1. Which one is nearest to residue 22 (Cα to Cα) among residues in the stretch 60-76 that are among the β-branched types (Val, Ile, Thr) and open to solvent by 40 Å² or more (accessible area, probe 1.4 Å)?
2. At pLDDT below 95 and open to solvent by less than 20 Å² (accessible area, probe 1.4 Å): does that describe residue 149?
3. Condition first: free of Cβ contacts under 8 Å to residues at least 60 places away in the same chain, assigned to a loop (DSSP other than H, G, I, E, B) and either exposed (fewer than 13 other Cβ atoms within 10 Å of the Cβ) or among the acidic types (Asp, Glu) (or both). Now tell me which residues in the stretch 109-137 satisfy that.
4. Give me the residue from the stretch 85-106 that is in contact (Cβ under 8 Å) with a residue 60 or more places away in the chain and assigned to a strand (DSSP E or B) and, out of that set, farthest from residue 35 (Cα to Cα).
5. Within the stretch 14-28, is even one residue assigned to a strand (DSSP E or B) and under 18 Å from the mean Cα position of the chain (by Cα)?
6. Suppose the filter is assigned to a strand (DSSP E or B) and either open to solvent by 50 Å² or more (accessible area, probe 1.4 Å) or touching a residue at least 12 places away in the same chain (Cβ under 8 Å) (or both); does residue 183 pass it?
7. Working only within the stretch 163-174, note down all residues that are in contact with an Asp or Glu (Cβ under 8 Å, 6 or more places away or on another chain), in contact (Cβ under 8 Å) with a residue 40 or more places away in the chain and either open to solvent by less than 40 Å² (accessible area, probe 1.4 Å) or not in a loop (DSSP other than H, G, I, E, B) (or both).
Amino acid sequence: ILNTAEVFNPVSGTFSSTGSMVASRVSAAASQLPDGKILVAGGVGNVPFPQSGYLAQTEIYDPSTGSFSAYTSMPEPRARMAAASLPDGRVMLFGGDGDGGNDLASTLMLDPATGVWSAGPSMPEVMVDPVASVLPDGTVLVAGGNNSPTRVLIYDPESETFDYGGYLFEGRTAASAAPLADGRVLIVGGFGDDLHKD
């Protein structure tokens, strides 16, 4: 399990190493904070995944110094979750599993202004290794995972509620997602599944 990190420069099209994380971790979540720093939360460390070693610890990457520093811990160890930066500046973690491999439908909220974590609204079903991405209207797409690999949820931060949002064309777990400039979301890779929805 690695504690190293690297940065991609789109101008030169090259990667370069940067400072190392405080803790080695796999299956963690990362999300940008309002000040441009990056939150890295949870994951599994110390021993090979998926054995014990779930982390509650978080850390912050400062791109101005290229260094990581320890940050306030989550209220519980968690790995294999998705993260999204909400329009109001908070970071929300979706699903995953906890210490001992307990699959989770719960969410966590971080207020970076205070460094305080709190419980968020529960999802309507368990999602482990999903992806999450903020949509142009401020809602959050949460999709996939190994429990319902084609499932799509839409989270509304204003009402703090989840709605079902159809299905992925191809089920996938532990994929990655990124918003495109035109408002669409690109979901790539992951473990495949033989369930398909039109």
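The values are calculated or read from the model by the stated rules, or taken from the named source; none is laboratory data. Note that the structure is a prediction, hence the values are computed from the model and not measured. Reconstructed Cβ throughout: ideal geometry from the backbone, glycine too, with neighbour counts over all protein chains shown. To get the accessible areas, we keep the full protein, side chains included, count just its heavy atoms, and leave off ligands, DNA and RNA. Shrake-Rupley method; radii C 1.70, N 1.55, O 1.52, S 1.80 Å.
1. First pass over the stretch 60-76, keeping only residues among the β-branched types (Val, Ile, Thr): 60, 65, 72.
Remaining after also requiring open to solvent by 40 Å² or more (accessible area, probe 1.4 Å): 65, 72.
Details: 65: 15, 72: 13 Å.
Residue satisfying both the conditions and the ranking: 72.
2. On the way: at pLDDT below 95: yes; open to solvent by less than 20 Å² (accessible area, probe 1.4 Å): yes.
Answer is yes for this residue.
3. Step one: filter the stretch 109-137 for residues free of Cβ contacts under 8 Å to residues at least 60 places away in the same chain, giving 109, 111, 113-128, 130-137.
Those still in the list that are assigned to a loop (DSSP other than H, G, I, E, B) too: 113-115, 121-128, 130, 135-137.
Within the stretch 109-137, 113, 114, 115, 125, 136, 137 qualify.
4. Among those residues, the one meeting the criterion is 94.
5. We begin by selecting, within the stretch 14-28, every residue assigned to a strand (DSSP E or B); these are 14-17, 26.
Applying the additional criterion that residues be under 18 Å from the mean Cα position of the chain (by Cα) yields 26.
The answer is yes; a qualifying residue exists.
6. On the way: assigned to a strand (DSSP E or B): no; either open to solvent by 50 Å² or more (accessible area, probe 1.4 Å) or touching a residue at least 12 places away in the same chain (Cβ under 8 Å) (or both): yes.
For residue 183, the condition - assigned to a strand (DSSP E or B) and either open to solvent by 50 Å² or more (accessible area, probe 1.4 Å) or touching a residue at least 12 places away in the same chain (Cβ under 8 Å) (or both) - is not met.
7. Going through the stretch 163-174, the residues in contact with an Asp or Glu (Cβ under 8 Å, 6 or more places away or on another chain) turn out to be 163, 169-174.
Subsequent filtering for residues that are in contact (Cβ under 8 Å) with a residue 40 or more places away in the chain retains 173-174.
Answer for the stretch 163-174, where residues must be in contact with an Asp or Glu (Cβ under 8 Å, 6 or more places away or on another chain), in contact (Cβ under 8 Å) with a residue 40 or more places away in the chain and either open to solvent by less than 40 Å² (accessible area, probe 1.4 Å) or not in a loop (DSSP other than H, G, I, E, B) (or both): just 173.
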